[in-house]
Amino acid sequence: MPEPAPERKPPSRFWLYAPYALVGVAALGWSLGWWVMSGQVKTGMDKQANDLRQAGYQVSWAGRKIGGYPFRVDVTLTEAKLSEPSGWGLSFPVLKTEAFAYRLDHLVLVAPDGVTVKRPVAGPLRVTAKGLRASLVQSGVALPRLAVEGAGLGFSPEPGAGNFALASADKLEFHLIPGGDNEMAMLLRLDGGKAAGGGLTARLAGTKPVSLLWDATLSQREAFKGRDWPSAVQSWTALGGALSLKQGGVSLGDTHMGLTNGRLTVGADGRLRGTLEANLRLGAQVLLAMGDTGLIDPSAAQIAAAVVQAREGGIEAKGARVNLSFEAGRTTIGPVALGQAPRVY
């Protein structure tokens with residue numbers, strides 16, 4: 001008789017359930033880590049807000065909600081306000097920030113209900129938009145990498161506030177990009193602007209579009225530090241900071257001022273210093289309008305308009321080439337002094 005076969009042990013189910021167990025442990029560990037991370041984000045926000053308040057800033061929000069589990073950390077603030085000591089500030093009905101859990105130093109900010117810009121002299125300006133968002137990379141430098149984009153913008157001063165040159169704009173871009181040699185690239189572009197009624201911009205542009213371009217490089221980036229805007233500018237200029245313009249210009253309907261090859265600094269009086277090469281198309285009209293509205297001295301406007309018109313060389317000319325200079329607190333175009341130089345702070 002053949003010997004009976006030995007009894008077989010039931011097959012082990014360890015490898016059947018082990019992968020699910022590992023996934024469960026990993027999910028539990030990640031959930032715990034995300035919960036700890038969200039708490040650290042909350043604590044970090046509170047600390048940064050307290051540090052800013054001690055430096056003279058005003059920081060507040062009515063509500064805060066943290067979400068984004070499992071792969072993001074999203075923070076939603078309601079009635080968020082930030083103002084710096086010299087008077088400039090931002091106020092958001094709702095401000096949403098998003099960041100990947102593995103890259104908390106790169107934030108995407110969205111303002112779905114627009115923003116109110118607090119202006120020290122002119123008063124609050126309400127900005128609405130079809131889309132308004134920003135990207136911020138916190139790299140520990142004085143001026144971080146920043147990109148702001150807006151589409152379908154509307155501008156409306158609040159009751160009692162001063163006027164603003166534009167009523168709307170199709171697109172707005174602003175970029176700060178740190179570079180080598182302690183530099184910072186700066187780009188500001190506005191397209192499809194529509195002038196607000198009753199001002200100089202409306203007089204020159206009418207119903208035609210308004211555009212703006214400013215492409216420049218900032219030196220001594222790390223020196224741009226301070227408790228507020230004036231002190232940051234003073235620290236920057238004290239260490240030789242300057243702004244080198246690559247290309248710029250303003251178009252108001254048919255009138256245009258192109259700017260190139262300039263180097264600008266800020267004087268001890270807080271006013272702009274330096275010289276820009278300008279090309280003016282229909283510049284005489286601009287100067288006369290500025291004189292009529294009291295923006296510059298009327299007699300100086302007439303003299304400057306005559307100089308520009310003579311240099312344009314007729315209606316078919318491409319424009320008048322002149323130097324736009326800011327020296328000793330004065331603004332001059334060619335040989336004619338127009339008035340005070342723009343104040344930076």
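Observations
- 11 Å beta-carbon shell around GLY206, net charge (K/R +1, D/E -1): +2
- Here the convex hull built on the C-alpha positions of region 18-129 has a volume of 105 cubic angstrom per residue.
- Dipole magnitude of the chain, debye to nearest 20 (Cβ charges: Lys/Arg +1, Asp/Glu -1, about Cα centre): 380 debye
- Of the residues VAL322, LEU282, GLN309, the one whose Cα sits farthest toward the positive end of the charge dipole of region 269-345, with +1 on the Cβ of Lys and Arg and -1 on the Cβ of Asp and Glu, is VAL322.
- Take every DSSP beta bridge whose two residues both sit in the chain; close to 100 percent of them are antiparallel.
- Average Cα contact separation per residue, region 27-268, under 8 Å, 6 or more apart, as relative contact order %: 10 percent
- Cα convex hull of region 117-275 - mean projected area over all directions, nm²: 10.3 nm²
- Pairs spanning more than 18 Å between alpha-carbon atoms, out of LYS42/LYS65; LYS171/LYS208; LYS130/LYS171; LYS171/LYS194; LYS118/LYS225: LYS118/LYS225.
- Relative to the longest principal axis of the Cα atoms of the chain, helix 298-312 runs at roughly 80 degrees.
- Label of the coordinate-derived value, Cα Rg over 2.2 N^0.38 Å, listed as (1) 2.51; (2) 1.04; (3) 1.40: (3)
- For region 108-121, 3J(HN,Hα) per residue [Karplus equation, 6.51 cos²θ - 1.76 cosθ + 1.60, θ = phi - 60°, Hz, x = Gly/Pro]: 10, 10, 10, 10, x, 10, x, 8, 10, 8, 8, 9, x, 9
- Expected 222 nm ellipticity per residue - DSSP helices of 4 or more, -39500 (n - 2.57), all of the chain, to 500: -8000 deg cm²/dmol
- Each residue in ASP292, ASP181 was given a count of other beta-carbon atoms within 10 angstrom of its own, and listing them fewest first yields ASP181, ASP292.
- Remark: relative contact order (region 269-345) = 39 percent; criterion is Cα-Cα distance under 8 angstrom and separation of 6 or more residues.
- One compactness figure for region 200-345 is 1.12, namely its Cα radius of gyration divided by 2.2 N^0.38 Å.
- With Cα atoms, 0 to 90° folded angle of helix 283-292 axis to the chain main axis: 80 degrees
Just so you know, all these numbers are worked out from the coordinates, no wet-lab data involved. If you're wondering where the values come from, they're calculated on a predicted model, not measured in any experiment. Counting neighbours? That spans all protein chains shown, and the Cβs are built from the backbone with ideal geometry, glycine included.
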